[in-house]
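The values are calculated or read from the model by the stated rules, or taken from the named source; none is laboratory data. Worth saying up front: this structure is predicted, and the values here are computed from it rather than measured. Please note: Cβ atoms are built from the backbone with ideal geometry, for glycine as well, and neighbour counts cover all protein chains shown.
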Amino acid sequence: MKASEIRELSPEEMRQKANDLYEELFNLRFQHGVGQLENTQKIKSTKRGLARVMTIIKETERKNI
């Protein structure tokens, strides 16, 4: 997701998106550890997406203070 698309979401939707990405990252790391993950690039892109969402959440929290 692009940052502009994330900014259009409500704060609750942003939190839900972050939780979904945490779960996906957990599953990808588990698959990688077991040796089932073929495309390790998915871990990197998921981490970046999670960081993007968390950054925007923090920006909106600081703006509202």
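Starting from residues that are under 10 Å from the mean Cα position of the chain (by Cα) and in contact (Cβ under 8 Å) with a residue 40 or more places away in the chain, keep the ones in the stretch 7-39 and report whichever is surrounded by the fewest Cβ atoms within 10 Å (Cβ to Cβ).
Arg15
What's the total number of residues in the stretch 40-65 that are over 20 Å from Ala3 (Cα atoms) and surrounded by 10 or more Cβ atoms within 10 Å (Cβ to Cβ)?
Of the residues in that region, 1 qualify.
Residue-by-condition table, conditions (1) in contact with a helix residue (DSSP H, G or I) (Cβ under 6 Å, 6 or more places away or on another chain); (2) charged (D, E, K, R); (3) on the phi > 0 side of the Ramachandran plot; (4) modelled with pLDDT of 95 or more:
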{"position": "Glu13", "(1), (2), (3), (4)": "no, yes, no, yes"}
{"position": "Asn19", "(1), (2), (3), (4)": "no, no, no, yes"}
{"position": "Phe26", "(1), (2), (3), (4)": "no, no, no, yes"}
{"position": "Arg29", "(1), (2), (3), (4)": "no, yes, no, yes"}
{"position": "His32", "(1), (2), (3), (4)": "no, no, no, yes"}
{"position": "Lys42", "(1), (2), (3), (4)": "yes, yes, no, yes"}
{"position": "Lys47", "(1), (2), (3), (4)": "no, yes, no, yes"}
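With respect to the numbered conditions (1) modelled with pLDDT under 95; (2) under 17 Å from the mean Cα position of the chain (by Cα); (3) not aliphatic (A, V, I, L, M), which one is the sole condition not fulfilled by Lys63?
Going through (1) modelled with pLDDT under 95; (2) under 17 Å from the mean Cα position of the chain (by Cα); (3) not aliphatic (A, V, I, L, M) one by one, Lys63 breaks only (2).
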